[in-house]
1. So what are the ³J(HN,Hα) numbers for region 310-322, from phi and the Karplus equation (6.51, -1.76, 1.60; θ = phi - 60°), rounded to whole Hz, Gly and Pro as x?
2. Give the Cα extents of region 138-340 along the principal axes, in whole Å, largest first.
3. Which semi-axes, in whole Å and largest first, does the equivalent ellipsoid of the chain have when worked out from the alpha carbon gyration tensor as the square roots of 5 times its eigenvalues?
4. How would you order 117-128, 333-344 from highest to lowest mean count of nearby Cβ atoms within 10 Å?
5. How would region 28-134 be classified by its alpha-carbon gyration tensor: rounded, prolate or oblate, with rounded meaning a/c under 1.5 and the a/b versus b/c comparison settling the rest?
6. May I ask you to derive the FRET efficiency for Phe153 and Ser2 from their Cβ-Cβ distance with R0 = 35 Å, giving the value to the nearest 0.05?
7. Using bins 5 angstrom wide from zero, how does P(r) for region 367-416 break down, in % of all Cα pairs?
8. Mind running the shape call on region 66-125? Use the C-alpha gyration tensor, a ≥ b ≥ c as the square roots of the eigenvalues: rounded below 1.5 for a/c, prolate if a/b tops b/c, oblate otherwise.
Amino acid sequence: MSVEQIDTLVIGAGQSGIAMSEHLSDMKVPHLVLERKRVAEAWRSQRWDSLVANGPAWHDRFPNLEFDDIGPDVFPPKERMAKYFEDYAAMIEAPVRTGVEVKQVKRCEKRPGFTVTTSEGVIEAQRVVAATGPFQVPDYPKIVPDAAGIQQFHSSAYKNPGQLADGAVLVVGGGASGSQIAEELRACGKTVYLSIGEHYRPPRAYRERDYVWWLGVLGKWDEIKTNSKKKHVAFAVSGYDGGKTVDFRRLAHQGITVLGLTKGYANGVLEIENDLAANIKAGDEAYFDVLREADAYVTRNDLDLPEEPDAWKLLDDPACVRSPILQLDLAKTGIKTIIWATGFKFDFSWLQVDAFDANGAPFHKRGISAETGIYFLGLPELTNRASSFIYGCWHDAKYIADHIALQRVYVAYEKR
Ligand SMILES: Cc1cc2nc3c(=O)[nH]c(=O)nc-3n(C[C@H](O)[C@H](O)[C@H](O)COP(=O)(O)OP(=O)(O)OC[C@H]3O[C@@H](n4cnc5c(N)ncnc54)[C@H](O)[C@@H]3O)c2cc1C
């Protein structure tokens, strides 16, 4: 039986896979996109019901299609994001095959290319682009044993407050997910504890410009991580409730008990790090840095953007910051649910090629891996800070498509 052949196989039809398809088509590279579920599946089933995009509609999109039913400054709901990518795939006539899972990729023996084993049979591809997402497998520390009898799940499994057991809830994680989920649960009357660590919480907007605009004009989307050992810090930005700055003091004044890092558990009591005040202070400093840089930019370019003195004022430190809780008794506080908003890890076990470093992390330069013919797209910091976001992956995909087109020229060469 003959095996299906394709030049370039793209795995995953999220925003990255679709962007890849657009650029490969532009470069006339024959390709196929395999998706184990549906187009933009992550936006459909791995996000909570009320989630809206973290960036406004004018920004969180690809260059070649605007939202036609949403104002430019509105944060599109997650279902609308999924529809956007579905519409986009249709617009560019992306050759997407849904419901097909890639189980294994291996280099072919004694001939170029890769043998790709899928749930629907084998395909041979000359090149493979792994566009399987920046956030693949939910990751949370197993601090609280199942025997504790607490409902526990990862933020990617959170849908809405109705899912939670009666009683109080602890949300662990001070990034975009944790802070938004905690606020939603508090707004619907839950008793909420929120455990946070180091974080980066820029202003949502300043001087009539959204933060995404400031990142753009200040050149911060282009920032390249130079220190690979630098600790990842939770990025707390949100489009919730029309878009507001994530402010842990405000959340505390709304009735959420904010805590330091959750570090241990014994006999029904959680041990909390005494780091809350220091982390909030560090978060403030980074926030003020953005305001300072923005002001300098306005002055330097003589822009007519109104001053915003209120943005410089901090709320009073709430009691939970002044006298931090270091031991949290789950029974006494009535906590029946813990939501771990602690991030994700990779699972590339299916990609059995020499494209990983000693720690098992993808080894690549701008998505071009150490194994010729294998590419990565959509990973955090693939090229720069924008790489795992909508506006970033599209540009990274263009670079990879260009590289693939060039490789095809080499392969096609014949001496005349
Ligand atoms: C809660 C949350 C909110 C976010 N909000 C924003 C935002 O507002 N703006 C923004 O720019 N970014 C946002 N992001 C970041 C990023 O844009 C999303 O994570 C986005 O889904 C990444 O797109 P992707 O195509 O790279 O990966 P994914 O959307 O994860 O797509 C990967 C696809 O690959 C498929 N797949 C995986 N393995 C296989 C396999 N073996 N075979 C076949 N198919 C496979 C999956 O089913 C999936 O559809 C958010 C992330 C999270 C977690």
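1. Calculated HN-Hα couplings, in order: 4, 5, 8, 8, 9, 6, 4, 5, x, 4, 5, 8, 5 Hz.
2. 61, 37, 32
3. On the way: eigenvalues 321, 141, 74 Å².
Its equivalent ellipsoid spans semi-axes of 40, 27, 19 Å.
4. On the way: 117-128: 18.3, 333-344: 20.8.
Going from most to least packed, we get 333-344, 117-128.
5. Note, shape of region 28-134 comes out prolate.
6. Values: r = 45 Å, r/R0 = 1.30.
Calculated transfer efficiency: 0.15.
7. For region 367-416, the pair-distance distribution reads 5, 21, 26, 18, 13, 8, 5, 3, 2, 0.
8. Numbers: a/c = 3.61, a/b = 3.14, b/c = 1.15.
Note, shape of region 66-125 comes out prolate.
The values are calculated or read from the model by the stated rules, or taken from the named source; none is laboratory data. Because the structure is predicted, anything quoted here is derived from the model rather than measured. When we count neighbours, we look across all protein chains shown, and the Cβ atoms used for this are built from the backbone with ideal geometry, even at glycine. Only protein heavy atoms, including side chains, enter the accessible area calculation; ligands, DNA and RNA are left aside. Shrake-Rupley method; radii C 1.70, N 1.55, O 1.52, S 1.80 Å.
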